[in-house]
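Visitor: After the structure tokens below, expect a handful of questions from me.
The values are calculated or read from the model by the stated rules, or taken from the named source; none is laboratory data. Values in this document were obtained by computation on a predicted structure and should not be read as measured data. Neighbour counts run over all protein chains shown; Cβ positions are idealised from the backbone, glycine included. In case anyone asks, the SASA skips ligands and DNA or RNA and just uses the protein heavy atoms, side chains included. Shrake-Rupley method; radii C 1.70, N 1.55, O 1.52, S 1.80 Å.
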Amino acid sequence: MKFAFYPGCLVLQRMPQYELATKRLLAALGIGLQDIPQAACCGAPIVESFSDEWLTLAAYNLALAEAMGLDILTVCGSCTHTLRRARRALREPDVRRRVNGRLAALGLRVEGRSEVQHLLQVLMAHRQALRERIVSPLRLKVALTYPCQVFRPGELSGFDDPLRPQAMHDLVALTGVEIVETGVEYECCGSTYMMSDEALALAAGRRKLEASRGADVLVDACGNCHLLLERMQHAIWGDQAAERLPVLFLPQLLGLALGLAPE
Amino acid sequence: MIEQCTHCGLCREVCLAERLGGHTITSLLSGGDEYSAWLCSCCQLCQEVCPEGVDIHAVMMAERRLEPPPEPYRRGFEHVLRCGYAFPISEEINALRAAYGLEPLELVSAERIWLLLDSCADPAPPCPTGQE
Ligand code: SF4
Ligand code: SF4
């Protein structure tokens, strides 16, 4: 089994450890990931907020995967949502015709054949294989934070419960860790507020981190969550540096339980 | 679309930005006039709970185009037009990838992006290199 791997701008630029952990974990489960040459930004709100051409950009990425004959695997909430929404929009013959008119200049064509699956979905589909590969159960207390747009809106995601999903609980539980319920695991991290109101983003992040006190590690599955909750943690705590909570990407935690070498 | 909205206020109740004291598109939908459509994480919670099925995401994107954009969004959009990514990503990324044992990646060319998005803006200068 093989997917076209779509890291998205943020993970590509700043989080190679997420890509690496994802590739290693899936390889251990017999799932191959192939990079998509010349893939670009998904068109996520950063383009959509300005122009309807976000759809052309999303369709371009879908077309590349389609030409490879593969479904797409994503690791961020935003790219997942944007590519899925583009795929739905492309079901309209008129929309498809217009977009294909543009893509023709690059010798590409999109039909919407490549599905878009987030890492969590693929791992859930291979949960049994994952269970069998666990070699070193982890004795840790783990808090979780779910990537919103992988699950919402439910009519687009068609996966798990849009308001109270269970996938991360189910996957992390395989490792033997104790899950600390924070009461805010299903809430947005607020990372994207950083682009319009930094103080609000830090307040949102603080909410998550404070609720996760008592855990040894917080686990996420999205570059945006990680950007705020891990990279910006110093700004969230300010001079309360002693509060620092380690944050891991889900495939890093699972990789540890599979005995895979950390980075 | 927005015509279906009954101003019930449910979207505003669940919105994290609103609960933290901000006013976003859900304030507009709930009948308020003080808001910024940019102050949103696109978490889709409002969309999920709206009993009328209002496409809040679409309303918000339309509203954003009427408001001046915050600088980070404007810059991100410019990066996409210049180099195809929301950040200034250049060939240097492959040195970082190599340090992690990741295969080099063939980046999208500025020409390709231009063929796709030329209707968005005037020709943009080449993508700056280096991290931000
Ligand atoms: S939940 Fe829906 S109907 Fe109610 S105010 Fe918000 S958009 Fe309008
Ligand atoms: S999508 Fe935006 S407006 Fe809706 S609940 Fe989330 S942050 Fe609030």
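Visitor: May I ask you to give the solvent-accessible area per residue for the protein assembly as shown, in square angstrom, as obtained with a 1.4 angstrom probe?
Guide: Accessible surface, normalised per residue, equals 40 Å².
Visitor: Work out the length of the dipole vector of the stretch B:71-120 about its Cα centre, built from +1 on the beta-carbon of each Lys and Arg and -1 on the beta-carbon of each Asp and Glu, and round it to the nearest 20 debye.
Guide: So the magnitude is around 160 debye.
Visitor: Based on alpha-carbon atoms only, what is the radius of gyration of chain A relative to the globular estimate 2.2 N^0.38 Å?
Guide: Rg over 2.2 N^0.38 Å, computed on Cα atoms: 1.01.
Visitor: Treating only the Cβ atoms of Lys and Arg (+1) and Asp and Glu (-1) as charged, compute the dipole magnitude of the protein assembly as shown about its Cα centre; round to the nearest 20 debye.
Guide: For this selection, approximately 920 debye.
Visitor: Please state, to two decimals, what the Cα-based radius of gyration of the stretch A:2-119 comes to when divided by 2.2 N^0.38 Å (N = residues).
Guide: 1.03
Visitor: For the interface of chains B and A, what total accessible area is buried with a 1.4 Å probe, rounded to the nearest 100 Å²?
Guide: So the buried area, both faces added, is about 5200 Å².
Visitor: How large is the dipole of the stretch A:130-257 about the Cα centre if only Lys and Arg carry +1 and Asp and Glu carry -1, each at its Cβ, rounded to the nearest 20 debye?
Guide: So the dipole magnitude of the stretch A:130-257 works out to roughly 260 debye.
Visitor: Assuming 1.306 mPa s and 10 °C, estimate D for the stretch B:2-64 with Stokes-Einstein, Rh taken as the Kirkwood radius over Cα pairs, in µm²/s.
Guide: 142
Visitor: Run the Debye formula on the Cα coordinates of the stretch A:110-263, all scatterers equal and no solvent, and tell me log10 I(q)/I(0) at q = 0.12, 0.15 1/Å.
Guide: These q points yield log10 I(q)/I(0) values of -0.53, -0.81.
Visitor: Taking R0 as 35 Å, what FRET efficiency do you get between A:Ser136 and A:Arg164 from their Cβ-Cβ distance, rounded to the nearest 0.05?
Guide: It comes to 0.70.
Visitor: Along the positive direction of the dipole of the stretch A:12-56 (beta-carbon charges: Lys, Arg +1; Asp, Glu -1; about the Cα centre), which of A:Ala21, A:Phe50, A:Pro37 reaches farthest?
Guide: Of the candidates, A:Ala21 comes out farthest on the positive side.
Visitor: With just the Cα atoms of the stretch A:1-43, tell me how far they stretch along each of the three principal axes, in Å, largest first.
Guide: Reported extents, whole Å, longest axis first: 30, 19, 14.
Visitor: Rounded to whole Å, give me the distance from the Cα center of the stretch A:170-211 to that of the stretch A:120-160.
Guide: 16
Visitor: In what sequence, largest accessible area first, do A:Glu198, A:Glu155, A:Glu210 appear using a 1.4 Å probe?
Guide: Reading off the accessible areas and sorting them downward yields A:Glu155, A:Glu198, A:Glu210.
Visitor: Springs between alpha-carbon atoms under 10 Å, Gaussian network over chain A: tell me which of A:Leu209, A:Leu119, A:Leu103 tops the mean-square fluctuations.
Guide: Greatest mean-square fluctuation among the candidates belongs to A:Leu103.
Visitor: Sticking with this one: Do you know the relative contact order of the stretch A:138-263, to the nearest whole percent, from alpha carbon pairs under 8 angstrom that are 6+ apart?
Guide: 28
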